[in-house]
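The values are calculated or read from the model by the stated rules, or taken from the named source; none is laboratory data. Just so it is clear, the model here is predicted, and its values are computed rather than measured. Don't worry about glycine lacking a Cβ; one is built from the backbone with ideal geometry, like all the others, and counts go over all protein chains shown. The accessibility values were calculated without ligands, DNA or RNA, using every heavy atom of the protein model including side chains. Shrake-Rupley method; radii C 1.70, N 1.55, O 1.52, S 1.80 Å.
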Amino acid sequence: MTEPDANRSSFYYNSKLAADVKLAATDSQPFVNGRAYLPSGTNINSYRKAYDKNSLNGAFLIAMRNTNFPDLPYSLPLFDLKTRRLSGGRYIEISRVRRDGSDDNLGQRTSYFETFDRGTSMWFENRPQTNAAAEQWVGAVGNGILYYGDRYASTDANQFEKELIVWRLPGDDTPILDGTPKAPVAGQRSVEITKDFCRVAKPGYDVRTATPTQLAFDSAGRPLSAIGADDINLPAGVSSYNLGFPVTANMLADVFLYSGEALTFPMSRRGTSLECEYWFSGSSIFFNNTQSSAVRCRFIVFANDRSPLTTGTNKVFRQFTAGGQNVMQLLRPGAGANPAFRDIMLDSRWPCIQILAEGYRTIASRSNVEPSNQNTGQSFEVNINADGFFPVVKYMTVHQHPTLGKLVKFAQTLITQNYRGSPTYHQGNSSYCEIEGNVARFWTFRGNPQAEQYTDSRGWQYDYPVDPIIGIRYYILGIPQ
């Protein structure tokens, strides 16, 4: 039987897809009460990773240069941060919580519905040294990330652990390396299996000379697959979903909440709190929806965790029966008889994630306005063919800072309720994407305030982002159903 490549949803994996989805690295840094430059013996000029519990504001700041990720080919990558509460081991998704501003002389106050990150996690391109007292210790970061171990405006890093997920995809307008399909070349070697590695080249490349981005996969760069994905009604309180496979406590997952609207990323576009914890046990993912009513939840559980690689023979092809189903696995050479998720390059039960659409859009400049004359949003649309797929959206907002230069942040939906109670509006660096049918529609709100504050001498004043959004790098990903 021959299946046309155009029927993309028929394939759990297809090595002919040039623009592929892989992770470059994951990293976590538990709270430490002090400062360190890593590896040991490095300093402010030579470190790859550093952290500091600041004596001025109590915050726990982590800095990592791109040199900490040897398999990362991009200056500004797509990245995520996963937050796990240490007590109970539950993950907190990109939740929106409400906080209030200060009262004015009439007892009026502004309300903010924001993620607890609030856009403070940033990946920089050629970041110089700054004079900010709390950040002088990081020096000239260059290409690298700064993020806080705390929740926004808190000093609670000892209660959480954040895991950095670095995708091998660009987070700005850089093209995907070797992402354009090439025609096969007769006589080229495509597959190479030894006791040390198993690798397959993309069409048009010889596996013996191919660079990492010219490989469809190898034992050090496997395709990212999903062991479970669905769109479910999530009742208030605790519920669970059986994944059908044994899982570990630190699986990677994406969880998106939405309510009474189109499927929206990274979360609901409305001014409400949305909080959800999730964790893994047995063969299930558990959810705790802390809202008083049900919401919709779209989630993906990736075949990736922190379990160490196993040791065994060089048996690369593994076949067995599970639950009455014939299973074929392609393993890393040297994996054990009971391989970890990271030992498994391909599993016939787990669909690999595909890119349905990707690109970059410039966001037009807008003059700063007050809430009474708010920017109700500028949008652009991306057509997709999601037939047979379970689509999700990942995107980065690209920013330009007057002194720190170009940087990227993962998506944030930040909403302000004016001190008068109305209007409710998106902040200047807020954004979201909604999928309806085969159209993905992105919204941004450049020109709106990010904060409202009252002073006795000047009344109500408005603060605006110093690093406005200048572009969006987007990926509409699909998991074959």
| Given the conditions (1) out of contact with any Gly (no Cβ under 8 Å at 6 or more places or on another chain); (2) open to solvent by 40 Å² or more (accessible area, probe 1.4 Å); (3) over 18 Å from D52 (Cβ atoms), and given that E125 satisfies all but one, which numbered condition is not satisfied? | (1)
| Mind checking which pairs have a first residue in the stretch 340-367 that is over 24 Å from L177 (Cα atoms) and polar (S, T, N, Q) and a second that is open to solvent by 50 Å² or more (accessible area, probe 1.4 Å) and not in a helix (DSSP H, G or I), Cβ under 7 Å, 6 or more apart or different chains? | S348/Y12; S348/M328
| note | Residue pairs within 7 Å by beta carbon, gap of at least six or interchain, first lying in the stretch 203-230 and more than 22 Å from Q329 (Cα to Cα) and in contact (Cβ under 8 Å) with a residue 40 or more places away in the chain, second of a type in the set (F, W, Y) and surrounded by 16 or more Cβ atoms within 10 Å (Cβ to Cβ), listed first then second, are D230/Y241; D230/F299
| message | So, in the stretch 1-13, exactly how many residues are buried (at least 16 other Cβ atoms within 10 Å of the Cβ) and assigned to a loop (DSSP other than H, G, I, E, B)? | response | 3
| request: Say whether the condition of being in contact with a Leu (Cβ under 8 Å, 6 or more places away or on another chain), more than 30 Å from V327 (Cα to Cα) and open to solvent by less than 20 Å² (accessible area, probe 1.4 Å) is met by at least one residue in the stretch 382-389. | output: yes
| Complete set of residues in the stretch 253-273 that are in a strand (DSSP E or B) and open to solvent by less than 10 Å² (accessible area, probe 1.4 Å) | A253, D254, V255, T264, F265
| query | Any residue at all in the stretch 295-306 that is open to solvent by 20 Å² or more (accessible area, probe 1.4 Å), in a loop (DSSP other than H, G, I, E, B) and under 18 Å from Y432 (Cα atoms)? | reply | no
| Listed residues L243, L263, L330; which is touching a residue at least 40 places away in the same chain (Cβ under 8 Å), touching a Ser or Thr at 6+ places or on another chain (Cβ under 8 Å) and of a type outside the set (K, R)? | L243
| task | For the stretch 412-433, state whether one or more residues are under 23 Å from V166 (Cβ atoms), buried (at least 20 other Cβ atoms within 10 Å of the Cβ) and of a type in the set (A, V, I, L, M, F, W, C). | result | yes
| message | Can you pull out every residue in the stretch 183-202 that is within 29 Å of the chain's Cα centre (by Cα) and in contact (Cβ under 8 Å) with a residue 24 or more places away in the chain? | response | F197, C198, V200, K202
| Of the residues A386, A335, which is without any contact (Cβ under 8 Å) to a residue 60 or more places away in the chain and either over 23 Å from R270 (Cα atoms) or in contact with a strand residue (DSSP E or B) (Cβ under 9 Å, 6 or more places away or on another chain) (or both)? | A335
| query | Within the stretch 89-103, which residues are open to solvent by 50 Å² or more (accessible area, probe 1.4 Å), in a loop (DSSP other than H, G, I, E, B) and modelled with pLDDT under 90? | reply | S102, D103
| Does any residue in the stretch 15-38 that is touching a residue at least 12 places away in the same chain (Cβ under 8 Å) and open to solvent by 60 Å² or more (accessible area, probe 1.4 Å) come within less than 8 Å, Cβ to Cβ, of a residue that is of a type in the set (G, A, S) and in a loop (DSSP other than H, G, I, E, B) six or more places away or on a different chain, and which pairs are these? | F31/G149
| note | Those residues of the stretch 233-252 which are of a type in the set (A, V, I, L, M), exposed (fewer than 14 other Cβ atoms within 10 Å of the Cβ) and not in a loop (DSSP other than H, G, I, E, B) amount to V238
| query | When you scan the stretch 54-82, how many residues do you find that are farther than 23 Å from V398 by Cβ, modelled with pLDDT of 90 or more and open to solvent by 10 Å² or more (accessible area, probe 1.4 Å)? | reply | 1
| field | Filter pass, G221 being touching a helix residue (DSSP H, G or I) at 6+ places or on another chain (Cβ under 6 Å) and open to solvent by less than 30 Å² (accessible area, probe 1.4 Å) | value | yes
| In this structure, is W137 over 30 Å from L274 (Cα atoms) and of a type in the set (F, W, Y)? | yes
| query | Failed condition for F317, given (1) aromatic (F, W, Y); (2) surrounded by 14 or more Cβ atoms within 10 Å (Cβ to Cβ); (3) more than 30 Å from H399 (Cα to Cα); (4) touching a Leu at 6+ places or on another chain (Cβ under 8 Å), with all others met? | reply | (2)
| task | For S292, state whether it is open to solvent by 10 Å² or more (accessible area, probe 1.4 Å) and touching a Leu at 6+ places or on another chain (Cβ under 7 Å). | result | no
| task | Of all residues in the stretch 153-163, count the ones that are within 18 Å of the chain's Cα centre (by Cα) and either surrounded by fewer than 20 Cβ atoms within 10 Å (Cβ to Cβ) or more than 11 Å from T83 (Cβ to Cβ) (or both). | result | 2
| query | Of these, T311, T213, which one is at negative phi, open to solvent by 40 Å² or more (accessible area, probe 1.4 Å) and either part of a strand (DSSP E or B) or in contact with a Gly (Cβ under 9 Å, 6 or more places away or on another chain) (or both)? | reply | T311
| message | I'd like to know if the stretch 131-140 contains one or more residues that are at pLDDT 95 or above, small (G, A, S), crowded, with 22+ Cβ neighbours inside 10 Å and over 23 Å from S268 (Cβ atoms). | response | no
